[in-house]
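Accompanying notes for the structure given below.
The values are calculated or read from the model by the stated rules, or taken from the named source; none is laboratory data. From a predicted model like this one, the values you see are computed outputs, not experimental measurements. Here the Cβ is made from the backbone with ideal geometry for all residues, glycine too, and neighbour counts use every protein chain on show.
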Amino acid sequence: MSGPVEETDRVATDFGISAIEVKEGRSTRIGQLGILRVLPTKRRRTIGPWCFVDLMSPDDVERPPLLEIGPHPHIGLATVTWLFGGEVLHSDSLGTQQRILPGELNLMTAGHGIAHAEEGLHTESAEHTGGVMGVQMWLAQPEGTRDGASAFQHLKDLPDVEVEGGRARLLIGEYGSMQSPAAFDHPAVGLDVGLEAPALIGTRPDFEYGVAPIDRPIKVEDAIVEPGSIAVIPPGYEQLRLETRRGNGRLMLLGGLPLDEEVKMWWNFVARTEEEISTAWRDWQTHNTDRFASVPSGLARIEAPRPPWLRTGD
């Protein structure tokens, strides 16, 4: 998967219904857990630096399956884990072992290389979470830092921000006078928004944004966006009107400055060239512990599929 932000995506001159694109995601699975993948999607690989958004959605409402993802590698990205329900144990090659609860942010920066595992410890009934356990997201690192050191942050105290018609928790970046303590190296913002009435959300006109509904359809300006889809908003907006058809609603609002770099994604790697990905793949396959150290996890290591551009024996 690859593709920079196209020039035509960066300038919005007519804020009619055609300015906002609604992109349909797809259903997939990680182990026994159902996933709605809304980014990347057809003809849209990035929104600002955001390059991957999975909505974790259990099929069994009463007994949702546990999340079990064995040790696997990453390069050139930061993972953002945000739970709505349940509890997950994060383990990584820095030696981290961290329990994650709803309302706590995990931000793991891969840089040149990191490996990690995620294991669900227990989940409450999905009736209490609107059928969704959480969101797993990636931020593509910019050229200046993507080959740097790896790092891990776990943040319990995130700012609550006031929005007209609802409430929001600020995961990444700035909103109004509030700033998240989470450190990332490219201008970006991430908000978990709960709507209680028609809302007006302030936005930066130099940012592009994505709106991903969690539990019910959301009207974004004149566009209706269903859960499992994402609304893509080009730069130029200073505010967004959001509302549900009835009752309350929850959504993720993600945005940032376009990277202005060609980003290539394949499997768990974010890079710029196939050669970089091939090297990372070989390092994982050969157990290169200088790049991907061992992970303190009892889950089985995940083997990487062969990149499609490599021939057998390469």
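Between a residue in the stretch 128-155 that is over 16 Å from ASN106 (Cα atoms) and among the basic types (Lys, Arg) and any residue that is assigned to a loop (DSSP other than H, G, I, E, B) and at pLDDT 95 or above, which pairs come within a Cβ distance under 7 Å, given they are 6 or more apart or on different chains?
From the stretch 128-155, the pairs are ARG146/GLY76; ARG146/GLY111.
Could you check the stretch 87-113 and list, in sequence order, the residues that are of a type outside the set (S, T, N, Q), under 19 Å from VAL270 (Cα atoms) and outside any strand (DSSP E or B)?
Residues satisfying the conditions are ALA110, GLY111, HIS112, GLY113.
Being within 16 Å of the chain's Cα centre (by Cα), of a type in the set (Gly, Ala, Ser), at pLDDT 95 or above and crowded, with 17+ Cβ neighbours inside 10 Å: is that true of ALA110 here? It would help to see each step written out before you state the result.
On the way: within 16 Å of the chain's Cα centre (by Cα): yes; of a type in the set (Gly, Ala, Ser): yes; at pLDDT 95 or above: yes; crowded, with 17+ Cβ neighbours inside 10 Å: yes.
Considered against the rule, which asks whether it is within 16 Å of the chain's Cα centre (by Cα), of a type in the set (Gly, Ala, Ser), at pLDDT 95 or above and crowded, with 17+ Cβ neighbours inside 10 Å, ALA110 comes out as yes.
Residues to consider are ALA168, ALA149, ALA140; find the one that is over 24 Å from LEU39 (Cα atoms) and in contact with a Gly (Cβ under 8 Å, 6 or more places away or on another chain). First the steps, then the outcome.
Details: ALA168 fails: over 24 Å from LEU39 (Cα atoms); ALA140 fails: over 24 Å from LEU39 (Cα atoms).
The match here is ALA149.
Quick test for you: out of ALA115, ALA151, pick the one residue that is buried (at least 23 other Cβ atoms within 10 Å of the Cβ), more than 23 Å from LYS23 (Cβ to Cβ) and within 20 Å of the chain's Cα centre (by Cα). Don't jump to the end; show me each part of the working.
Numbers: ALA151 fails: buried (at least 23 other Cβ atoms within 10 Å of the Cβ).
Exactly one of ALA115, ALA151 is buried (at least 23 other Cβ atoms within 10 Å of the Cβ), more than 23 Å from LYS23 (Cβ to Cβ) and within 20 Å of the chain's Cα centre (by Cα), namely ALA115.
Can you confirm whether the stretch 65-82 contains a residue that is assigned to a loop (DSSP other than H, G, I, E, B) and at pLDDT 95 or above? Break it down into steps so the answer makes sense when it comes.
Looking only at the stretch 65-82, we keep the residues that are assigned to a loop (DSSP other than H, G, I, E, B), and these are 65-67, 76.
From what's left, at pLDDT 95 or above: 76.
Yes, the stretch 65-82 contains a residue that is assigned to a loop (DSSP other than H, G, I, E, B) and at pLDDT 95 or above.
When you scan the stretch 234-250, do you find a residue that is at positive phi and either among the aromatic types (Phe, Trp, Tyr) or touching a Pro at 6+ places or on another chain (Cβ under 9 Å) (or both), even just one? Full working, then the answer.
Kept after step one, since they are at positive phi, are these residues of the stretch 234-250: 236, 247.
Narrowing the set further to residues that are either among the aromatic types (Phe, Trp, Tyr) or touching a Pro at 6+ places or on another chain (Cβ under 9 Å) (or both) leaves 236.
Looking for residues that are at positive phi and either among the aromatic types (Phe, Trp, Tyr) or touching a Pro at 6+ places or on another chain (Cβ under 9 Å) (or both), one finds at least one in the stretch 234-250, hence yes.
From the set of residues in the stretch 227-280 that are among the β-branched types (Val, Ile, Thr) and surrounded by fewer than 19 Cβ atoms within 10 Å (Cβ to Cβ), which is nearest to ILE47 (Cα to Cα)?
Step one: list which residues in the stretch 227-280 are among the β-branched types (Val, Ile, Thr), which gives 230, 232-233, 244, 263, 270, 273, 277, 279.
So of that shortlist, the ones also surrounded by fewer than 19 Cβ atoms within 10 Å (Cβ to Cβ) come out as 273, 279.
Values: THR273: 20, THR279: 27 Å.
Ranking the qualifying residues of the stretch 227-280, first place goes to THR273.
Within the stretch 188-204, how many residues are more than 15 Å from the chain's Cα centre (by Cα) and either under 24 Å from ARG146 (Cβ atoms) or free of Cβ contacts under 8 Å to residues at least 24 places away in the same chain (or both)?
1
If you go through the stretch 221-259, how many residues are assigned to a strand (DSSP E or B) and under 20 Å from the mean Cα position of the chain (by Cα)? Give the steps one after another, and end with the answer.
Taking the stretch 221-259 first, the residues assigned to a strand (DSSP E or B) are 223-225, 229-233, 239-244, 249-256.
Still in the running and under 20 Å from the mean Cα position of the chain (by Cα): 225, 229-233, 249-256.
Residues flagged as assigned to a strand (DSSP E or B) and under 20 Å from the mean Cα position of the chain (by Cα) within the stretch 221-259 amount to 14.
List pairs: first residue in the stretch 220-241 and aromatic (Phe, Trp, Tyr), second residue part of a strand (DSSP E or B) anywhere in the structure, Cβ distance under 7 angstrom, at least six positions apart or on different chains.
none
Counting only residues that are over 10 Å from the mean Cα position of the chain (by Cα) and part of a strand (DSSP E or B), which one in the stretch 38-58 is modelled with the lowest pLDDT?
MET56
Test TYR209 against the stated conditions and say whether it is outside any strand (DSSP E or B) and at pLDDT 95 or above.
no
If I filter the stretch 115-126 for residues that are part of a strand (DSSP E or B), out of contact with any Ser or Thr (no Cβ under 6 Å at 6 or more places or on another chain), acidic (Asp, Glu) and modelled with pLDDT of 95 or more, do I get at least one hit? Steps first, answer last, please.
First, the residues of the stretch 115-126 that are part of a strand (DSSP E or B): 115-122.
Narrowing the set further to residues that are out of contact with any Ser or Thr (no Cβ under 6 Å at 6 or more places or on another chain) leaves 116, 118-122.
When the remaining residues are screened for being acidic (Asp, Glu), the result is 118-119.
Next, from what is left, pick out any that are modelled with pLDDT of 95 or more: none.
No - not one qualifying residue is present in the stretch 115-126.
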